[in-house]
Amino acid sequence: MIAVLPGTTIQTGLDKQDISKQIFDNIFAAGGLVLSQVSQLTNLESYVIQNWVKRGFLSSPVNKRYSKRQFCRIVIINMLKDTLRLDKITGMLSYINGVLSDESDDAIDDNQLYNYYVNLIVQLNKRGHEVSYIDNNKLCESVINMLHDYKEPFTGAKKRLQKVLVIMVNAHLSALLSKKTELLIGELDLKI
């Protein structure tokens, strides 16, 4: 099944663990991306990305190049903005990573956060839950299992990360249900 990595325009199969890590490692093998490349890979206008940097949602690019970590932050915000307001997204990311424009206080690298998230989506797809109700207890259990190797930089970081990943997966499911609803409405012969 060909799908798009959430928050990007990158087509791939969401059928194996660490797929986002593999793809992003290849994309960033030669170094950072310039703004036009980030824009193309996220389908975001350049001014939106620049605005997010100006507002402190991520650190400034170095030598006009965005790192893998910065790119993942942009992708995370982009994928969540369909279901959550920007202030909620940035508040949630601050909950685990402190000051968003300062990477030195992060509990998790955004690349690792995104990879955990995509791995959870891959698990859900394998179980046939792509656009269905997910039992919150089972989701929490999956998140806990996913984070078995996560090393806390401070006490309570793992608990915070668990909560954020549950929110991210629910936002993903919400976006999928919203798209499905739009398709179903489109099938109605409405005379509006």
message = Filter the stretch 10-26 down to the residues that are under 13 Å from residue 119 (Cα atoms) and either in contact (Cβ under 8 Å) with a residue 40 or more places away in the chain or touching a helix residue (DSSP H, G or I) at 6+ places or on another chain (Cβ under 8 Å) (or both) and list them by number.
response = 13, 14, 15, 16, 17, 18, 19, 20, 21
key: So residue 118, is it touching a Ser or Thr at 6+ places or on another chain (Cβ under 6 Å) and either in a loop (DSSP other than H, G, I, E, B) or surrounded by 15 or more Cβ atoms within 10 Å (Cβ to Cβ) (or both)   = yes
Counted residues, the stretch 1-28 - those being part of a loop (DSSP other than H, G, I, E, B), of a type in the set (A, V, I, L, M, F, W, C) and either crowded, with 20+ Cβ neighbours inside 10 Å or modelled with pLDDT of 95 or more (or both) = 4
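Please state which one of 93, 84 is surrounded by 13 or more Cβ atoms within 10 Å (Cβ to Cβ) and not in a helix (DSSP H, G or I). Outline the logic, then answer.
Details: 93 fails: not in a helix (DSSP H, G or I).
Result of the check over 93, 84: 84.
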key: Those residues of the stretch 141-156 which are among the polar types (S, T, N, Q), exposed (fewer than 12 other Cβ atoms within 10 Å of the Cβ) and more than 19 Å from residue 98 (Cα to Cα), in sequence order   = 145
Residue within the stretch 168-175 that is touching a residue at least 40 places away in the same chain (Cβ under 8 Å) and over 13 Å from the mean Cα position of the chain (by Cα) present = yes
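Given 138, 163, 159, 180, which one is over 20 Å from residue 72 (Cα atoms), modelled with pLDDT of 95 or more and surrounded by 10 or more Cβ atoms within 10 Å (Cβ to Cβ)? Working first, answer last.
Numbers: 138 fails: modelled with pLDDT of 95 or more; 163 fails: over 20 Å from residue 72 (Cα atoms); 180 fails: modelled with pLDDT of 95 or more.
From the options 138, 163, 159, 180, the qualifying one is 159.
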ask   = List pairs: first in the stretch 88-114 and on the phi > 0 side of the Ramachandran plot, second small (Gly, Ala, Ser), Cβ under 9 Å, 6+ apart or cross-chain?
value = 98/104; 98/107
Residue that is modelled with the highest pLDDT, among those in the stretch 96-115 that are surrounded by 20 or more Cβ atoms within 10 Å (Cβ to Cβ) and acidic (Asp, Glu) = 110
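The values are calculated or read from the model by the stated rules, or taken from the named source; none is laboratory data. Given the structure is predicted, the values throughout are model-derived calculations rather than measurements. Every residue, glycine among them, receives a Cβ derived from its backbone with ideal geometry; neighbour counts consider all protein chains shown.
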